[in-house]
Structure formats: C-alpha cells, structure tokens
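Q: Here's a structure for you.
Each value in this text was obtained by applying a stated rule to the coordinates, not by laboratory testing. All figures in this text were calculated on a predicted structure; none of them were measured in a lab. Glycine gets a Cβ as well: all are built from the backbone with ideal geometry, and neighbour counts include every protein chain shown.
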Amino acid sequence: MIEKAQLQDMFDNIRTRTKWNIYGNMVWGYFFTGKNEKVLEAPSKELSKMGYKVVAIYPADDNSAYWLHIEKIETHTVQSLYQRNSELYRFASKHKGVEYDGMDVGHVDQK
C-alpha cells in the first residue's frame, strides 16, 4: 500500500524539481499487473467504462507478468490521490490474479 508520506514526498519533489502545477490538471497514469494478458482484459474494460483511458496491456521486460496501463486527466491533492490509490487497490482485489502497482504523473501538454 502506498502511504500518504510517500505521496507527500512525491508532491514535494515535483514542486521543487519541475515547473508543473501539481495541484492542477495532470495526466495520472495507473498500473496493474497480472500473470497474463487475459486476466487484465476484464478489468481494462471496466476501468474504461469508469472513465479511464486504457493505454496498453503489455508484457513486462522479463515476460514474467503483464502490465495494464490506464490514464486519466485529474486534479489531485495528497489526500485525494491517497483515496484514488485506495479505490484502485480495492478494485484490483476484486479481480483474481490482478494487483494494483501504483501510479505516475505527467504534465498535460498545452496545444
């Protein structure tokens, strides 16, 4: 489980090392793992219906597992990201062979 202190450190690092407004709209990527592509198919469809963009299902570098990468443009605080992670851990626990692995964040490109 990702702790609030880890999220606070992440927010602090982004604020000091980038020019991003971490408290504004950002592209949040979330990652799940499974032993094969098939166990990630149903969760990917459900997450898509929940408003997440399914980026890809792909094998790990060593082919020992598969990754499901989803994204959503969201605005988070440390608390709301902690809640989102908690929701995604619960979501994964309802799917046999699926684990939530965490998130990353990127800047929303201005076009």
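Q: Note down the nm distance, to one decimal, between modelled labels 7 Å out along Cα→Cβ at residue 21 and at residue 84.
A: According to this spin-label approximation, the distance is 1.6 nm.
Q: Let me ask something additional. How charged is the neighbourhood of residue 97? Take every other residue with its Cβ under 10 Å from the Cβ of residue 97, and add Lys/Arg as +1 and Asp/Glu as -1.
A: Every neighbour counted, the sum reads +2.
Q: Given N residues in the range 47-108, what is Rg(Cα) / (2.2 N^0.38 Å)?
A: Its radius of gyration relative to the 2.2 N^0.38 Å reference: 1.19.
Q: In nanometres, what is the gap between the two model label sites at residue 45 and residue 74, each 7 Å from Cα along Cα-to-Cβ?
A: Each label point is offset 7 Å from its Cα along the Cβ direction, giving 2.3 nm.
Q: Rounded to the nearest 10 degrees, what's the angle between the helix 78-93 long axis and the longest principal axis of the chain, both from Cα atoms, 0 to 90?
A: 0 degrees
Q: Which of 82, 23, 52 moves the most in a Gaussian network model of the chain with Cα springs under 10 Å?
A: 23
Q: Right, here's the next one. Distance between Cα centroids, the range 1-63 to the range 65-111: provide it in whole Å.
A: 4 Å
Q: Expressed as a rounded percentage, what relative contact order does the range 1-109 have, with Cα pairs under 8 Å and six or more residues apart?
A: Rounded, it is 39 percent for the range 1-109.
Q: Using DSSP to define loop residues, name the GluC sites (Glu not before Pro) in the range 1-92 whose beta-carbon has at most 13 other beta-carbon atoms within 10 Å. Let's see the in-between values first.
A: On the way: sites: 3, 37, 41, 46, 71, 74, 87; in loops: 3.
In loop regions of the range 1-92 (DSSP not H, G, I, E or B), the sparsely surrounded GluC sites (Glu not before Pro) are 3.
Q: Let me ask you something else. For the range 21-65, which semi-axes, largest first and in whole Å, follow from the square roots of 5 times the eigenvalues of its Cα gyration tensor? Could the numbers behind the result be given before it?
A: Values: eigenvalues 112, 45, 9 Å².
Semi-axes, largest first: 24, 15, 7 Å.
Q: Report, in debye and to the nearest 20, how large the dipole of the chain comes out about its Cα centre when Lys and Arg carry +1 and Asp and Glu carry -1 on their Cβ.
A: 360 debye
Q: Still on this structure: Cα to Cα, under 20 Å, and not fewer than 8 places away if on the same chain: which lysines meet these conditions relative to residue 72?
A: 45, 49, 53, 111
Q: Still on this structure: Provide the net charge surrounding residue 42, with neighbours chosen by a C-beta distance below 12 Å and charges set as Lys +1, Arg +1, Asp -1, Glu -1.
A: For residues surrounding residue 42, the net value is +2.
Q: With springs only between Cα atoms under 10 Å, which of 49, 72, 35 fluctuates most in a Gaussian network model of the chain?
A: So, out of 49, 72, 35, the one fluctuating most is 49.
Q: To the nearest 20 debye, what is the magnitude of the charge dipole of the range 1-60 about its Cα centre, counting +1 on the Cβ of each Lys and Arg and -1 on the Cβ of each Asp and Glu?
A: On the way: 9 positive and 6 negative charges, 33 e Å.
That gives the range 1-60 a dipole magnitude of about 160 debye.
Q: How big is the chain along each principal axis, measuring the range of its Cα positions in Å and listing the largest first?
A: On the principal axes, the chain reaches 40, 33, 30 Å in Cα extent.
Q: Kindly provide the helix-only [θ] at 222 nm of the chain, computed as the sum of -39,500 (n - 2.57) over DSSP H runs of four or more divided by all residues, to the nearest 500 deg cm²/dmol? All intermediate terms of the calculation are to be shown ahead of the outcome.
A: On the way: 3 runs with 43 residues, N = 111.
So the calculated ellipticity at 222 nm is -12500 deg cm²/dmol.
Q: GNM on the chain, C-alpha springs below 10 Å: top fluctuator among 21, 63, 36?
A: Largest GNM mean-square fluctuation: 63.
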